[in-house]
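Each remark here refers to the structure printed beneath this line.
The numbers here are math on the coordinates, done by the rules we state, and not lab data. Computed from a predicted structure; not experimentally measured. Positions of Cβ are generated from backbone atoms using ideal geometry, with glycine treated the same way; all protein chains shown enter the neighbour counts.
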Amino acid sequence: MTDRVARVEVFSLTLPRDTPYLGALRPGEEPNANGYFVRKGNRTVYATVDRTVIVRVETQGGAVGWGETYGLAAPGATIAIIDDLLGPFVVGRDPFDAAVIHDDLYDLMRVRGYTGGFYLDALAAIDIALWDLAGRLAGLPLAKLLGGRRHERIPAYVSGLPERTRPQRADLAAAWQARGFDSFKFASPVADDGVAREIETLRERLGPNARIACDMHWAQTAADALALIRAMEPHGLWFAEAPVHTEDLDGLVHVAHSAAVPIAVGEEWRTVHDAVLRIDRRGCAIVQPEMGHTGVTEFMRIAQYAAAHHLAVIPHATIGIGLFLAASLQASAAALAVVAHEFQHSIFEPNRRLLLGDMECKAGFYTPPSGHGLGVEPSEEALALLERHSAKA
């Protein structure tokens, strides 16, 4: 008889940072009483700490699967959705029905328009945990359950250069280049001298063969985005990410059709339905699913839709403690169109100690974990740091 889910538990975990994500605060970027601040360059809220939401699913027989999603802002919202609503509907289900359970939970709130945001983040964490559990019960890495491992290792690009000045950011990129990395991405909100000067300095420092991308953080109109992209093009821009507001589909299509470099989008998508709206209009050349938002089920649907339209897949990766990064690498190893994967070194490096398993990123490549399921699990230190929330499941 199939081992059924007995309980779903949800936790939060907070880790201090010496420097906020994307680097030191700029003038006017002051944390409020809850530890949030707004980056002036993209009008987006960030926290002064690393924070994540973790799900633990256990079967009647005692098998355990782990999932993770974003907890950067208002983690209590995601926790409440899992604890009060989604978790109890998973109890009694067969973990090998992970995709079926995903669709059942998605349908619960379809009539109310809950097709994104905190609701789908909560669903992603549960979905990852169920796939992890299925892999562990089967004694197989997740990639095998998803059709088999196509990629033994995955090219990684260094994302974010969190130093105060442009020369210091170039120094940091050069240090990673010396460690075997040949691909980089900088963030426009903290390119204080402008994106053209930023990429010019990086190109001078890294040489003609390095790939350099720019994350534009959805902060521009189509006209402004095109002007910035064209200013970067002479310096060998690899791709431009998130050039316009996510709601501006017409603007995205205009930029994609007008720019001379590939346009990358998808970090904020939750489902393949988000992808269809952009891909069918040829609004991008690179698709960037984020496992912490999609879960395994929708990640694979997005990747397969992208491959069917002959687009490249370069997954996004803000990693928490790394559970959903491991899921992303497992899925990426199985996905046909994956050509690279983001490497958030400022999170991966300090938080790697919180996981058991052989997930690594060295000399420009990720090695997906080799163990069963995700191939990783929380370390004793991580377990000690988890803040448990009452799970009615």
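Key figures for this structure:
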read-out	value
Cα shape, segment 145-374, gyration tensor, a/c 1.5 rule	oblate
Contour minus Cα-Cα distance for Ala363 and Arg164 (0.36 nm per residue)	69.1 nm
Segment 1-77-segment 310-387 distance, computed between alpha-carbon centres (Å)	16 Å
Gyration tensor (alpha-carbon) shape descriptor, segment 61-179, a/c threshold 1.5	oblate
Label-point separation, Arg281 to Val64 (7 Å along Cα→Cβ), nm	4.6 nm
Cα-based helix-to-principal-axis angle, 98-108 vs the chain, degrees rounded to 10	80 degrees
Extension gain, Asp107 back to Thr44 (0.36 nm per residue minus Cα-Cα distance, nm)	19.7 nm
Mean Cβ neighbour count within 10 Å, used as a protection proxy, ranking 298-304, 317-323, 229-235 highest first	317-323, 298-304, 229-235
Rounded tilt (10° steps) of 195-206 against the dominant C-alpha axis of the chain	90 degrees
Contour minus Cα-Cα distance for Ala33 and Asp84 (0.36 nm per residue)	15.6 nm
Rough spin-label spacing in nm, given labels placed 7 Å along Cα→Cβ, for Ala384 and Ser258	5.6 nm
Cut-off under 5 Å, modelled amide H: who pairs with Ile212 long-range	Phe184, Trp238
Label point distance in nm, Ala138-Thr19, each placed 7 Å from Cα along Cα→Cβ	4.2 nm
Per-residue HN-Hα couplings for segment 182-194 [Karplus 6.51, -1.76, 1.60; θ = phi - 60°; Hz; x = Gly/Pro]	10, 9, 9, 9, 10, 9, 4, x, 10, 8, 5, 9, x
Helix 323-334 axis, angle to the chain major axis (alpha carbon atoms, nearest 10°)	80 degrees
Modelled label reach - His273, point 7 Å along Cα→Cβ, segment 96-134 residues with backbone N closer than 16 Å	102-124
